[in-house]
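A short worksheet on the structure shown next.
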Amino acid sequence: MKKLFAGLGVASSLAACGPFPFCVARGSRVKTPAGHRPIEELEVGDELIVADPETGLTAVGRLEAVKQSTRECGTLRFSGRALSVTSDHPLYDPRARGFFPAGDWLLGRRSHLLEISDSGASIVRVEASEAFSRLDEVFDLTVAHEWHTFVAEGVLVHNKQPPSCTAPTGERVPMYATPGPPCSCGDGGVGEWVCDANRSPSVTCERCVAVRDAGTRDGGADGGP
């Protein structure tokens, strides 16, 4: 008997990639400026194509973090392609003009996706779906761009913004931010706020570097060797 797990818009523990419940399966091709690459080959610092769902405009974002796990996946089939994702991964519905959990498509409640190609944006119809296709290695990408999207198997998907912490100064510090916002170290040096939601306190001032006087060089105040 097939296991029906597709989400109904509520995060499921079965679909969680570490702290992020938004995951795309191994083998899915992600659009980059150099062409499509399997998601499992991507590394932090790689450039990805991002798109604005409202206008179809594309830009280049940088991969900021990758989370990896093994989870149950469903599969959507369209235009000779297949996209396998966890049920909570947000996909874009061009008819409703919004992001919704993939479980809506896996259960047949939605039927259209937004295709992003070199010639622009267009609507593609999902021809078939499998609510549970396999247990697979999955990847959650965090893209450093204000649109927080990327293109998997030619269609627009969302990446979840990383969680953040609040610094004593009141500013929000995104997890994985490198470099983080500047902070003042106890010895008078300058460091970076670092967010780690798994510890207490969750934000700390780290990577401190001593501040030298303006005229001082490595060899001494007179600039000599």
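No value in this document is a laboratory result; all are computed from the given coordinates. In this text the structure is predicted, and so the values were computed from the model without any measurement. All Cβ positions, even for glycine, are placed from backbone atoms using ideal geometry, and neighbour counts span all protein chains on display.
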If each of GLU146 and GLU127 carries a label point 7 Å out from its Cα toward its Cβ, how far apart are those two points in nm? 3.9 nm
Please name which of VAL190, GLY180, PHE139 has its Cα lying farthest along the dipole of the range 53-191 towards the positive end, using unit charges on Cβ (Lys, Arg +1; Asp, Glu -1) and the Cα centre as origin. PHE139
Of the GluC sites (Glu not before Pro) in the range 51-156, those whose Cβ has at most 16 other Cβ within 10 Å and which sit in DSSP loop: GLU54, GLU127, GLU146
Which value, to two decimals, describes the C-alpha radius of gyration of the range 80-144 once divided by 2.2 N^0.38 Å? 1.15
Based on Cβ point charges of +1 for Lys and Arg and -1 for Asp and Glu, what charge dipole magnitude is obtained for the range 56-132 about its Cα centre, in debye rounded to the nearest 20? 80 debye
For THR149, the residues 5 or more places away or on another chain with a placed amide H closer than 5 Å to its own amide H are ALA51, ASN159
Local electrostatic count at SER84 - Lys and Arg +1, Asp and Glu -1, tallied over other residues with Cβ under 13 Å: 0
Calculated FRET efficiency for the pair ALA96/ARG62, C-beta based, R₀ 35 Å, to 0.05: 0.75
